[in-house]
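Chemist: Can you read through this structure? Questions will come right after.
Read-outs: derived from the displayed coordinates by stated rules, not from any lab. Owing to the predicted nature of the structure, the values given are computational and were not obtained by experimental measurement. FYI the Cβ positions are ideal-geometry reconstructions off the backbone, even for glycines, and counts take in every protein chain you see.
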């Protein structure tokens, strides 16, 4: 690692009073972006998609994350698996479009076939025409590469290098904090799903999401009832940070009817809601009547695609009788998230200013952002490859 | 593999044309049936290599489709030491 980059990481990892934010190169430099892929994403549990994208046994949904071809597969036992979407023979992409696999996954090149559990089932003509076996081809050693995957609040998390601690260990603090939401969530359907393309490095979206400091200026509508002083910081050394509010008001429809709440919530959640970033790239929000999840897909060093999905506590909330209410709720969140775009894009452009040193944190208001910078800096410093 | 034209298609009602149509149409079930037809035809004639070639294609498609014939096709190939 370049000496000055190492120094910049060390500065970002200092206590907040003396720290400097991550420097410009962490937002605009392609080489740093490539290093992040390994140090910050592939070695960690990162969000790549949603369980609702492969809802039925046999569903196979391809996706590409930071160039890595992945395949979400719902197997016959209803378990969601993630494979590298690459044939073990010649490296061909196996599945190009989402589909339901009736039997096996067949490579479109030479028709090697894999079961939904990833096992190699057939290698047609591999020993010559009409000969489907060869001594050097051991089926049980040539299954698809399976990627460790976990589902949490509807998000598919993967650990691509296979070396991270178990998800439930790494995020035990969060899982405990939100234990009352550890139950099935029901995706609201098409009207509860949207994407935002933003011209900023993915980290700026995390940083802006973590903190409540900006609320009075950027979200005046929210601030009219959820004031800055109604918020509290949430910090963890185990890889998440964010904020909570004490005055959550559910979206209500006609006759003041709202969504059904999650069962058995404690009184705290009557008026509280919490918003946490799970580092590196998943933003979650929990409320008594719904949750949302944002997977940040870095599409380049300076661009990010935000995949936003809203979930509800009960299957009945997906019924057509709740269409208007779900649309209103999605519209509300979309407006809030769009209000943030000029900020994150402005910070991205600001990082072309060569004199910017990464910024000075408020020791009171920027704790969550600093927590994230520390986390990134530590992962980058410990990346020895 | 080269297959002699005289043994290839003459008794199978224009198999190659039907296979081509099924392929263009993306009809894998039809392709599977036609490959099986060809494979069994050649096995009956004693053309083991050609028969196993076609049966392999039928088997692979049956696997991909999750067709009930998959085990039977596999067993036919296994009888000739081809899996």
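Chemist: Order of B:20-27, B:33-40 by packing, highest average Cβ count within 10 Å first?
Modeler: Details: B:20-27: 12.1, B:33-40: 21.6.
Result, highest mean Cβ count within 10 Å first: B:33-40, B:20-27.
Chemist: Another question about this same structure. Report, as a whole number in µm² per second, the diffusion coefficient that Stokes-Einstein gives for the stretch A:172-380 at 37 °C and 0.692 mPa s using the Kirkwood radius over alpha carbon pairs. Let's see the in-between values first.
Modeler: Values: Rh = 17.8 Å.
The estimated diffusion coefficient comes to 184 µm²/s.
Chemist: Note down the nm distance, to one decimal, between modelled labels 7 Å out along Cα→Cβ at residue A:235 and at residue B:20.
Modeler: The two pseudo-label positions are separated by 7.3 nm.
Chemist: To continue, here is another question. Can you compute the modelled spin-label distance between residue A:365 and residue A:217, with each label point 7 Å from Cα toward Cβ, in nm?
Modeler: Rounded to a tenth, the inter-label distance reads 0.7 nm.
Chemist: To the nearest 10 degrees, how steep is helix A:367-381 against the longest Cα principal axis of chain A, on a 0 to 90 scale?
Modeler: For A:367-381 against chain A, the angle is about 40 degrees.
Chemist: A follow-up question, please. Please give the calculated 222 nm ellipticity per residue for chain A, where each DSSP H segment of at least 4 residues contributes -39500 (n - 2.57) and the sum is spread over every residue; nearest 500 deg cm²/dmol? Walk me through the numbers on the way to the answer.
Modeler: On the way: 11 runs with 90 residues, N = 385.
My calculation for chain A gives -6500 deg cm²/dmol from helical runs alone.
Chemist: For chain A, set up a Gaussian network in which alpha carbons nearer than 10 Å are linked by springs, and say which option among A:317, A:92, A:365 fluctuates the most.
Modeler: A:92
Chemist: Continuing with the same structure: Taking every alpha carbon pair in the protein assembly as shown, what does the distance histogram look like in 20 angstrom bins from 0, in percent?
Modeler: 22, 44, 25, 10, 0
Chemist: If you fit an axis through the alpha-carbon atoms of helix A:341-350 and take the longest principal axis of the Cα set of chain A, what angle between them do you get, 0 to 90°, nearest 10?
Modeler: For A:341-350 against chain A, the angle is about 90 degrees.
Chemist: For the stretch B:15-83 and the stretch A:182-213, what is the centre-to-centre distance using only Cα atoms, to the nearest Å?
Modeler: Using only Cα atoms to place each centre, the spacing works out to 49 Å.
Chemist: Hey, got the average number of other protein chain Cβ atoms within 10 angstrom for residues in B:70-77?
Modeler: Working: counts 4, 0, 0, 0, 3, 0, 0, 6.
Mean partner-chain Cβ count within 10 Å for B:70-77: 2.
Chemist: I need A:261, A:135 ordered by Cβ neighbour count within 10 Å, fewest first. Please report the intermediate quantities before stating the final value.
Modeler: Details: A:261 16, A:135 6.
In increasing order of surrounding Cβ atoms, one gets A:135, A:261.
Chemist: FRET efficiency for residue B:48 and residue A:38, Cβ-Cβ distance as r, R0 = 60 Å, nearest 0.05? Kindly include the intermediate steps, with their values, before the conclusion.
Modeler: Values: r = 52 Å, r/R0 = 0.86.
E(calc), rounded to 0.05, equals 0.70.
Chemist: What whole-number distance in Å separates the alpha-carbon centres of the stretch A:231-263 and the stretch A:1-71?
Modeler: 27 Å
Chemist: Then there's this: Taking a virtual spin label 7 Å from the Cα of residue B:78 along the C-beta vector, which residues in the stretch A:113-135 bring their backbone nitrogen under 17 Å of it?
Modeler: A:120-124, A:131-134
Chemist: Let me ask something additional. If each of residue A:252 and residue A:119 carries a label point 7 Å out from its Cα toward its Cβ, how far apart are those two points in nm?
Modeler: Label at residue A:252, label at residue A:119, 5.7 nm between them.
Chemist: Still on this structure, I have one more. Can you give the average number of partner chain beta-carbon atoms within 10 Å of each beta-carbon in peptide B:37-50, as a whole number?
Modeler: Details: counts 0, 0, 1, 0, 0, 1, 0, 0, 0, 0, 0, 1, 4, 2.
Mean shielding count: 1.
Chemist: Could you compute the FRET efficiency for residue B:71 and residue A:2, with r as their C-beta to C-beta distance and R0 at 60 Å, rounded to 0.05?
Modeler: On the way: r = 60 Å, r/R0 = 1.00.
Efficiency for this residue pair is about 0.50.
Chemist: On to the next question. Running a GNM on chain A with Cα contacts under 10 Å, which residue among A:54, A:19, A:255 ends up with the highest mean-square fluctuation?
Modeler: A:255
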